[in-house]
Amino acid sequence: PSRAAALRLQLLFALRQRALHVLEAGLAAELHDALVALRTEWPQLAQELALGRLNPQPGLPEGVRDQLQALLTPDAARAAELRAECARGFEGIAMRLWPQLEVVVVRTAHGAERLYCDSLCQAECQGLPFYCPFYQAAGTLLGVNLWPAEPAPRFLLCPDWAFCEFLPCPANKEPRTVLLDELWEGREYGLVVTAHPGEYRCRTGEVLRVAGFHKQCPMVEPVRRESQTLSVRGESISEEQFCQSLCHALRMWPGARLIDYVCVESSLLGDSSGPCAPHYEVFLELQGLRDLSEGQRYKLDQCLQEDFPVYKSFRFKGSIGPLRLHLVRPGTFTRLREALGSPLPMPRVLHEEQLLRLVQGSVVS
């Protein structure tokens, strides 16, 4: 099945079980998209529950549909409960549909996924704690979170799960990796992993901060992904730093709520960016605002200049052009995650023309 079809099916079968204690998803974005589907498709989902019959849907092969159909039985009472709760609105809907829920478990709750966790906490999953039990990079489990009550996940690195090396940040002219027993609290390191046969000393692109030690074993916090850094003149603005500036600008747009965003360096646009200095283009999905004035759009560029002196210097000299901001229609980023295919955290800087065209085709202003 396609990603959208698989998420919808998992949601439907979860809705059949009123006594769920845990909602679990690989990525917070997956749970976010499943509950967005609940908002838009609850009448059809209620009908399928009542009749015990799967409707045909794009991305769901007939053979798979027939196998799943055999597992469904009519449940008019649960369908009526779903209709009643959805008619009341979607704030706190998870606790109302599954009154025995205790926790939301996600594989990744940091970095790009933090936006979806915050959105769920404020709306559908209001009142529920989030727990990210493991840290994974390069397809390998590397650490465990022993502090579920902490708002920001910290992971204890487990020495026997994989062989990890660490590159101090910022890198020296002749970088040398250090090992677990050579890490310093408060410092940042690039992660290098040897785990799978044939994959020797792989740079994961993940940067970790050492938050402390637990019985001499380092506890780390994922800080950023090196591939998601914006840099058209060597200014290097990380996804975490850009998001902070974006949230700063957002507070100057009354009534606006950020749903999702992605950035592009103008070099990817080629001739379509026009005869101008290198710059950033930012694509936003907002709730509560249909359009932004030119003055409001400039606020984001202004916030970046306030937050990053190097960026401000390049802007003053004209070496970097003004940021261009575009609003996209609802559902754009759900389609983007479908096009990405792999179950990896959402990219915040696009590097592929095909994905850029998908986003550009959804611009509304």
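Are any residues in segment 197-251 at positive phi and touching a Cys at 6+ places or on another chain (Cβ under 9 Å), and if so, which ones?
none
Among the residues of segment 318-331, is there at least one that is among the small types (Gly, Ala, Ser), open to solvent by 10 Å² or more (accessible area, probe 1.4 Å) and under 30 Å from Pro58 (Cβ atoms)?
Yes, that holds for at least one residue.
Please give the number of the condition Ala123 fails out of (1) within 20 Å of the chain's Cα centre (by Cα); (2) buried (at least 21 other Cβ atoms within 10 Å of the Cβ).
(2)
Hey, can you tell me all the residues within segment 160-186 that are crowded, with 17+ Cβ neighbours inside 10 Å, among the aliphatic types (A, V, I, L, M) and under 19 Å from Ser227 (Cα atoms)?
Leu167
What residue, of Leu300, Leu268, Leu258, is under 19 Å from the mean Cα position of the chain (by Cα), touching a residue at least 40 places away in the same chain (Cβ under 8 Å) and either surrounded by 12 or more Cβ atoms within 10 Å (Cβ to Cβ) or in a strand (DSSP E or B) (or both)?
Numbers: Leu300 fails: under 19 Å from the mean Cα position of the chain (by Cα); Leu268 fails: under 19 Å from the mean Cα position of the chain (by Cα).
Exactly one of Leu300, Leu268, Leu258 is under 19 Å from the mean Cα position of the chain (by Cα), touching a residue at least 40 places away in the same chain (Cβ under 8 Å) and either surrounded by 12 or more Cβ atoms within 10 Å (Cβ to Cβ) or in a strand (DSSP E or B) (or both), namely Leu258.
Just to be sure, is Glu30 at pLDDT below 95, under 27 Å from Pro222 (Cβ atoms) and under 28 Å from the mean Cα position of the chain (by Cα)? Show your work before the answer.
On the way: at pLDDT below 95: yes; under 27 Å from Pro222 (Cβ atoms): yes; under 28 Å from the mean Cα position of the chain (by Cα): yes.
Considered against the rule, which asks whether it is at pLDDT below 95, under 27 Å from Pro222 (Cβ atoms) and under 28 Å from the mean Cα position of the chain (by Cα), Glu30 comes out as yes.
Which residue out of Arg107, Arg78 is modelled with pLDDT of 95 or more and buried (at least 16 other Cβ atoms within 10 Å of the Cβ)?
Arg78
Looking for whichever is touching a residue at least 24 places away in the same chain (Cβ under 8 Å) and basic (Lys, Arg) here; the options are Arg187, Arg176, Arg96, Arg154. Which one fits?
Going through Arg187, Arg176, Arg96, Arg154 in turn, the sole match is Arg154.
The values are calculated or read from the model by the stated rules, or taken from the named source; none is laboratory data. In this text, all values refer to a predicted model and were calculated from it rather than measured experimentally. So basically every Cβ, Gly included, is an ideal-geometry build from the backbone, and we count neighbours across all protein chains shown. Only protein heavy atoms, including side chains, enter the accessible area calculation; ligands, DNA and RNA are left aside. Shrake-Rupley method; radii C 1.70, N 1.55, O 1.52, S 1.80 Å.
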